[in-house]
Amino acid sequence: MSTTRIGSFNVENMFERPKVMGRNATKHAAPTLAAHARFNELIAAETYTPEVKEELKEQLTTLELLRSDRSKYAILRRIRGRFLARHRTGETSVVASGRESWVGWVELTTEPISELATRHTAQVMRDVGADVLGVVEAESRELLHMFSASMLKHVGWTPYEEVHLIDGNDERGINVGLLTREEHQVITIRTHVYARDSSGTIFSRDCAEYHVRTPAGPEVVVLVNHLKSKGYGAPGDPLGARRRFRQAVRIARIVNRLRDEGHEHIAVVGDLNDTADSEALRPLFQRTGLRDISEHENFDWDHRLGTYRGVNEKGKIDYVLLTPELFAKATGGGVFRKGVWRGPRTKNRWDVYETMTNEVHAASDHAAIYADIDWSA
């Protein structure tokens, strides 16, 4: 076998996802997700000052947890110690003095994914047919393995031979992983979960590093990413953009370190949550020489110029980026969007699965993207 198809697919969780990220909770998503992230950040403080306690109460108010440990979209878990005092007057106060005085956190409530959506996710994987597939927003290795072993067989395809996933930094169970088949063997795995810079932890999830031996002989290093998302912070996303910039800087350093070590064939894949011309991703393109497979003359866009929902250029946020040596071996690639919902008024319509008759049946908001590599080239 002298060819390898390298792909990336944001599966948006396969069996369960946070209820607030569902398609019926659009107006609640941004404030709830922002409050969840900020609350869990604040409770890590060694000492809760009066200012911190007030902000903790503000986040709990947004999460609707001030008067109860459970709301529609979130749960306040308290394992040991006392965090809140809820008074008969209706007032609530933070009584914990700091992180050492109690054990607990806020988690988001989840809901099951529709059976049809899960099946369509499997159909996308089958129809793309990637030998090496970077997976974004998978819950866990156990569930990813279960999905591969059962659902791919259910849609008439063979399971992946190897299933890899290391838990990342996202407390919602939104992780990145890698699936390989046809004797593409993972020989080395590195995690960058603990990578830090002067501003703290760098990666929102991970930049998972997989060294894959191909049947043709050459080794390819695949870096699977899911960069900081947009939409859950201040207007204009300044904090998210800065975080993505820091992440792009570190990915560039990893790529250049690998090249210094003699690795020519490197692919950066995943959901980078920004466009190629953005300031946030500039270090990734300007400091590495990486090329987007969508630049290839034989790339098939499949009706649109983006990968997210039905958006065109501004929705191109999923990538397969290749070092020049690997790009030179590419014969083409494409976007596969048959599992992405399109509304009845969508122009320039793409084909969808016949059984996908409602938005809740969509495999994902993201189309899969892939590159074809010919090792004999």
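For region 3-44, name all the residues that are in contact with a Gly (Cβ under 9 Å, 6 or more places away or on another chain) and surrounded by fewer than 16 Cβ atoms within 10 Å (Cβ to Cβ).
Glu16, Ala30
Tally time: how many residues in region 79-92 are part of a loop (DSSP other than H, G, I, E, B), open to solvent by 100 Å² or more (accessible area, probe 1.4 Å) and either touching a strand residue (DSSP E or B) at 6+ places or on another chain (Cβ under 8 Å) or of a type in the set (Ser, Thr, Tyr) (or both)?
Residues meeting the conditions: 1.
Only one of these conditions is not met by Glu115: (1) of a type outside the set (Gly, Ala, Ser); (2) under 25 Å from Gly22 (Cα atoms); (3) crowded, with 16+ Cβ neighbours inside 10 Å. Which number is it?
(3)
Looking at region 283-303, is at least one residue modelled with pLDDT of 95 or more, more than 19 Å from Val220 (Cα to Cα), of a type outside the set (Val, Ile, Thr) and in a strand (DSSP E or B)?
Yes, there is a match, as at least one residue in region 283-303 is modelled with pLDDT of 95 or more, more than 19 Å from Val220 (Cα to Cα), of a type outside the set (Val, Ile, Thr) and in a strand (DSSP E or B).
In region 113-137, how many residues are in a helix (DSSP H, G or I) and either closer than 23 Å to Arg205 by Cβ or hydroxyl-bearing (Ser, Thr, Tyr) (or both)? Walk me through how you get there before you give the answer.
Here is the first cut: in region 113-137, the ones in a helix (DSSP H, G or I) are 115-128.
Subsequent filtering for residues that are either closer than 23 Å to Arg205 by Cβ or hydroxyl-bearing (Ser, Thr, Tyr) (or both) retains 117-118, 121-122, 124-125, 128.
Residues flagged as in a helix (DSSP H, G or I) and either closer than 23 Å to Arg205 by Cβ or hydroxyl-bearing (Ser, Thr, Tyr) (or both) within region 113-137 amount to 7.
Looking only at region 231-272, how many residues end up being in a loop (DSSP other than H, G, I, E, B), open to solvent by 20 Å² or more (accessible area, probe 1.4 Å), at pLDDT 95 or above and not acidic (Asp, Glu)?
Qualifying residue count, region 231-272: 3.
Of the residues Lys72, Lys57, only one is more than 30 Å from Val320 (Cβ to Cβ), under 27 Å from the mean Cα position of the chain (by Cα) and charged (D, E, K, R); which?
Selected residue: Lys72, the only one of Lys72, Lys57 that is more than 30 Å from Val320 (Cβ to Cβ), under 27 Å from the mean Cα position of the chain (by Cα) and charged (D, E, K, R).
I'd like the full set of residues that are modelled with pLDDT under 95 and not charged (D, E, K, R), limited to region 309-338.
Gly310, Val311, Asn312, Gly315
Could you please find all residues in region 118-137 being of a type in the set (Gly, Ala, Ser) and either more than 25 Å from Ile187 (Cα to Cα) or surrounded by fewer than 24 Cβ atoms within 10 Å (Cβ to Cβ) (or both)?
Ala122, Gly129 - these are the residues of region 118-137 that are of a type in the set (Gly, Ala, Ser) and either more than 25 Å from Ile187 (Cα to Cα) or surrounded by fewer than 24 Cβ atoms within 10 Å (Cβ to Cβ) (or both).
Test Leu76 against the criterion of being touching a residue at least 24 places away in the same chain (Cβ under 8 Å) and buried (at least 20 other Cβ atoms within 10 Å of the Cβ), and give yes or no. Lay out the reasoning, then the answer.
Numbers: touching a residue at least 24 places away in the same chain (Cβ under 8 Å): yes; buried (at least 20 other Cβ atoms within 10 Å of the Cβ): no.
So Leu76 does not fit the description; no.
Report whether or not Val360 is buried (at least 18 other Cβ atoms within 10 Å of the Cβ), of a type in the set (Val, Ile, Thr) and in contact (Cβ under 8 Å) with a residue 24 or more places away in the chain. If you could, list the steps in order and put the result at the bottom.
Values: buried (at least 18 other Cβ atoms within 10 Å of the Cβ): no; of a type in the set (Val, Ile, Thr): yes; in contact (Cβ under 8 Å) with a residue 24 or more places away in the chain: yes.
Taking the combined requirement at face value, the residue does not satisfy it.
Please work out which residue is least open to solvent (accessible area, probe 1.4 Å), limiting yourself to region 339-357 and to residues that are closer than 9 Å to His303 by Cβ and modelled with pLDDT of 80 or more.
That would be Trp350.
Test Asn24 against the stated conditions and say whether it is closer than 21 Å to Thr307 by Cα, in a loop (DSSP other than H, G, I, E, B) and at pLDDT below 90. Write out each step before concluding.
Details: closer than 21 Å to Thr307 by Cα: no; in a loop (DSSP other than H, G, I, E, B): yes; at pLDDT below 90: yes.
Considered against the rule, which asks whether it is closer than 21 Å to Thr307 by Cα, in a loop (DSSP other than H, G, I, E, B) and at pLDDT below 90, Asn24 comes out as no.
Restricting the search to region 1-21, which residues are more than 25 Å from Glu142 (Cβ to Cβ) and at pLDDT below 85? Quick ask: steps written out before the conclusion?
Quick first cut of region 1-21, residues more than 25 Å from Glu142 (Cβ to Cβ) only: 1-5.
Once the filter is applied, which keeps residues that are more than 25 Å from Glu142 (Cβ to Cβ) and at pLDDT below 85, region 1-21 yields only Met1.
Considering only region 42-57, state which residues are among the aliphatic types (A, V, I, L, M) and not in a helix (DSSP H, G or I).
Those that are among the aliphatic types (A, V, I, L, M) and not in a helix (DSSP H, G or I): Ile43, Ala44, Ala45.
From Leu65, Leu60, grab the single residue that is of a type in the set (A, V, I, L, M, F, W, C), under 17 Å from Leu108 (Cα atoms) and in a loop (DSSP other than H, G, I, E, B).
Within the list Leu65, Leu60, the selection yields Leu65.
The values are calculated or read from the model by the stated rules, or taken from the named source; none is laboratory data. This is a predicted model, so every value here is computed, not measured. Please note: Cβ atoms are built from the backbone with ideal geometry, for glycine as well, and neighbour counts cover all protein chains shown. We work out accessible area using only protein heavy atoms, side chains counted, and drop any ligands, DNA or RNA first. Shrake-Rupley method; radii C 1.70, N 1.55, O 1.52, S 1.80 Å.
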